[in-house]
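What follows is a set of notes on a single structure, which appears directly below.
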Amino acid sequence: MQTVDLKLKQASAVLGVDPKDLQNFVQFKVLRPPRRDSFYWFDNRLLLEAKVAFYLKEALGTSTEVLARFTQALSNNLKEEEPTRFRYVWLRSRSARGREPIEVRIPLRNLAKELEQQLPRAAVHQDLPRGRKRPGWKREFARSLEAAARDLSGVRESQIMEAIRGNRAKKKRLPEITVGASRRSA
């Protein structure tokens, strides 16, 4: 995996998430990127931690407090090992009363491969300061609108609304939960 050093907006583009969601993870200390020159910086290891945190959030819908604890435990282990070496990583959470632990299996190698494929997105999303527009942005914006209008020329408004509703419904879909049994005693 190539070595990267990305700002928050670029990291969110690589991860395929809204910058605000990534910022919330930093704010609630789910992720702890270093801060230089008033910017948060994400390297390969931190991008993988973020990918795992978003994966867990999507799969489990868990709270930021639990995500922060899982991510911290994962971070401590990733410092010592090469993350792509492992196909899966298991996280165990034991209740305060010492009951049987809950295990979550994470496909770490697949998530690392997804990150590698999405790294070129960082170059497309320049992290420009607010309020400063680059030269020619109006012409570029107008050209983009014209191209979108040409692409949508044969599409009815009802088709657009149907696609939006379908996309929103897909995002709201609850995670699939599967139960497996084991006859072995621990």
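Our estimate of slack between residue 85 and residue 66, defined as 0.36 nm per intervening residue step minus the Cα-Cα distance, is 4.3 nm. Listed by chain and number, the lysines placed with their C-alpha closer than 30 angstrom to that of residue 170 are 7, 9, 20, 29, 51, 57, 113; residues fewer than eight positions away on the same chain are left out.
Over the residues of the chain, the helix contribution to mean residue ellipticity at 222 nm works out to -16000 deg cm²/dmol, using -39500 (n - 2.57) for each DSSP H run of at least 4.
Report the Cα centroid-to-centroid distance between the range 103-143 and the range 17-36 in angstrom, as an integer. Distance between centres, Cα-based: 15 Å. If R₀ is 30 angstrom, what is the calculated FRET efficiency for the pair residue 123 and residue 145, using the beta carbon separation as r and rounding to 0.05? For R0 = 30 Å, the calculated efficiency reads 0.80.
In the chain, the sites counted are trypsin sites (Lys or Arg not before Pro) in DSSP loop states with at most 14 other Cβ atoms within 10 Å, and the longest stretch holding none of them, exclusive of the sites, is 30-86.
For the chain, averaging the sequence separation of C-alpha pairs within contact (under 8 Å, six or more residues apart) and dividing by the residue count gives a relative contact order of 23 percent. Length gained on full extension, residue 58 to residue 5: 16.6 nm, using 0.36 nm per residue less the C-alpha separation. Which one, (1) 9, 29, 27, 15, 9, 6, 4, 1, 0; (2) 9, 37, 39, 13, 2, 0; (3) 7, 27, 30, 21, 11, 3, 1, gives P(r) over Cα pairs in 10 Å bins from 0, in percent as derived from the coordinates shown? Checked against the structure: label (3). When the chain is treated as a GNM with alpha-carbon contacts under 10 Å, the residue of 152, 48, 67 showing the greatest mean-square fluctuation is 152. Largest GNM mean-square fluctuation across 101, 19, 135, computed for the chain with C-alpha springs under 10 Å, falls on 135. Among 11, 77, 60, pick out the residue whose Cα is farthest towards the positive end of the charge dipole of the chain, where Lys and Arg carry +1 and Asp and Glu carry -1 on C-beta, about the Cα centre. Positive-most Cα among the choices belongs to 60.
The numbers here are math on the coordinates, done by the rules we state, and not lab data. Everything numeric here is computed off the predicted structure, so don't read it as measured data. Neighbour counts are summed over all protein chains in view; Cβ atoms, including those assigned to glycine, are modelled from backbone coordinates with ideal geometry.
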